[in-house]
Amino acid sequence: MTLKSSDCDNKWLEKAACMIRQGDVIALPFERLFGLAANALDPSAVAEVASIKERPAESSGRQPISVILPTLASISRVSEDITPLAQQLIRRYWPGLVTIVVRAKPHLPSPLVSQSGLIGVRLPGPSKAATLATHTDLVLTATSANHKGQKDAKSDEDLANLDGLTMVVKGTVSGPPGSTVVDASGTVPIVLRQGFVSIEEVL
């Protein structure tokens, strides 16, 4: 793992915020998994996240990178089409472990958006990632801190093989499952990934 030098403050929150604002990628605890956080509206930072994850840059054949919000109102930064179904799920499950897939705004960084023009978004529950998003007031990337096919990271000690990180925030998490992913871009919820919240609860 390669960590870049920085003039940022040594306290983890101020240091992480400084690095995020300057376009870097950090790893830190989300609710149940370690994830990669970067400014989701900075194309270069998002491209770096995709590179660390070893995901292809082109839209075909890749899994979009989800995002977390600093506040509920900030969903307008990534989507202008929040369906009644999405609003219902938001009221019931946020903040928490349900990622809601909605229609993406134009011109968002490509790795965030599916081929059908959708983006996964979530208001996170208590975690260092949530604290960082709130502190910076930025929409942040929210993808697991591992390469495809590798085990999910549950502590900072599990991240030794990831290159390109600027900072790793120490901590431990309980581990998978992560968030449940629900497509709410239409009128019927479609569970794309079963996670911590059960399918039956969503439906």
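Are any residues in segment 60-88 outside any loop (DSSP other than H, G, I, E, B), buried (at least 18 other Cβ atoms within 10 Å of the Cβ) and hydrophobic (A, V, I, L, M, F, W, C), and if so, which ones? Those that are outside any loop (DSSP other than H, G, I, E, B), buried (at least 18 other Cβ atoms within 10 Å of the Cβ) and hydrophobic (A, V, I, L, M, F, W, C): 67, 68, 75, 85, 86.
Is it the case, given these coordinates, that residue 103 is charged (D, E, K, R), out of contact with any Asp or Glu (no Cβ under 8 Å at 6 or more places or on another chain) and under 18 Å from residue 192 (Cα atoms)? Reasoning before the result, please.
Details: charged (D, E, K, R): yes; out of contact with any Asp or Glu (no Cβ under 8 Å at 6 or more places or on another chain): no; under 18 Å from residue 192 (Cα atoms): yes.
No, not satisfied.
For the residues 130, 104, the requirement of being under 25 Å from residue 19 (Cα atoms) and aliphatic (A, V, I, L, M) singles out 130. Just a yes or no: is a residue in segment 2-19 part of a loop (DSSP other than H, G, I, E, B) and modelled with pLDDT of 95 or more? No, because not a single residue in segment 2-19 is part of a loop (DSSP other than H, G, I, E, B) and modelled with pLDDT of 95 or more.
Within segment 143-153, being within 16 Å of the chain's Cα centre (by Cα), over 14 Å from residue 99 (Cβ atoms) and surrounded by fewer than 23 Cβ atoms within 10 Å (Cβ to Cβ) holds for 146, 147, 148, 152.
To keep it simple, each residue is scored yes or no on (1) buried (at least 22 other Cβ atoms within 10 Å of the Cβ); (2) modelled with pLDDT under 95; (3) among the polar types (S, T, N, Q).
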site	(1), (2), (3)
121	yes, no, no
141	yes, no, yes
167	no, yes, no
174	no, yes, yes
177	no, yes, no
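Scanning segment 127-177 for residues that are touching a Phe, Trp or Tyr at 6+ places or on another chain (Cβ under 6 Å) and not in a loop (DSSP other than H, G, I, E, B) yields a single hit, 129. What do you reckon, is residue 57 touching a helix residue (DSSP H, G or I) at 6+ places or on another chain (Cβ under 8 Å), modelled with pLDDT under 95 and on the phi < 0 side of the Ramachandran plot? When the stated conditions are applied, residue 57 passes them.
Does residue 44 count as without any contact (Cβ under 8 Å) to a residue 60 or more places away in the chain, within 16 Å of residue 185 (Cβ to Cβ) and among the hydroxyl-bearing types (Ser, Thr, Tyr)? No: the conditions fail for residue 44.
The values are calculated or read from the model by the stated rules, or taken from the named source; none is laboratory data. If you're wondering where the values come from, they're calculated on a predicted model, not measured in any experiment. Heads up, the Cβs are rebuilt from the backbone with ideal geometry, glycines too, and the neighbour counts pull from every protein chain shown.
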